[in-house]
Amino acid sequence: MLRFSCSPFLLLLLPLLLLLLLLVLLLFFSCSSSSSALLCDAAEDEEPENRETLLSRAKELYEEDLKVHPKNVWSVSGMLRVLELDGGDEEDNEIQGMWWKGLQEQQREHEYADVEVTSSCACSRVATRK
């Protein structure tokens, strides 16, 4: 019979490390960007009355994410997509211009990044278009 021996210190350390990993994932990675990107994809195919509901939910998710992570380039690009799909009024156009300016600044900061941000999630149709 095989027996594994492990120090009590390691047995205490392992759950703490797993908890720390979970905390990092919750703080720095947002799944709302994926959900919002898919809502935008669905809105493209919907009738105008359903489209508005999907886009408003996507916008809410992006706004929530940007409150927690204000410089999240993925959420900023997603918010721009929502505003583009929504059409919007003159006020939305001003907001969209502000978002574009912010996105351009962030893209300059990420000039040497490995991935070009075209959508808030790689699962989105926009990300797969070339």
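The values are calculated or read from the model by the stated rules, or taken from the named source; none is laboratory data. All values derive from a computational prediction rather than experimental measurement. Note: ideal-geometry Cβ built from the backbone for every residue, glycine included; neighbour counts use all protein chains shown.
Restricting segment 104-123 to residues that are modelled with pLDDT of 70 or more and part of a helix (DSSP H, G or I), the residue that is farthest from residue 70 (Cα to Cα) is 108.
Given the criteria hydrophobic (A, V, I, L, M, F, W, C), modelled with pLDDT under 80 and more than 26 Å from residue 114 (Cβ to Cβ), does residue 9 qualify? Spelling it out, residue 9 is indeed hydrophobic (A, V, I, L, M, F, W, C), modelled with pLDDT under 80 and more than 26 Å from residue 114 (Cβ to Cβ).
Within segment 30-45, residues that are free of Cβ contacts under 8 Å to residues at least 60 places away in the same chain and assigned to a helix (DSSP H, G or I) have Cβ atoms under 8 Å from residues that are surrounded by fewer than 19 Cβ atoms within 10 Å (Cβ to Cβ) and charged (D, E, K, R) in these pairs: 32/64; 39/57; 43/51, counting only partners at least 6 apart in sequence or on another chain. When residues in segment 46-74 are screened for being part of a loop (DSSP other than H, G, I, E, B) and under 22 Å from residue 105 (Cβ atoms), 4 of them pass. Here segment 65-103 is the region considered, the condition is being polar (S, T, N, Q) and farther than 19 Å from residue 121 by Cβ, and the residue that is modelled with the lowest pLDDT is 93.
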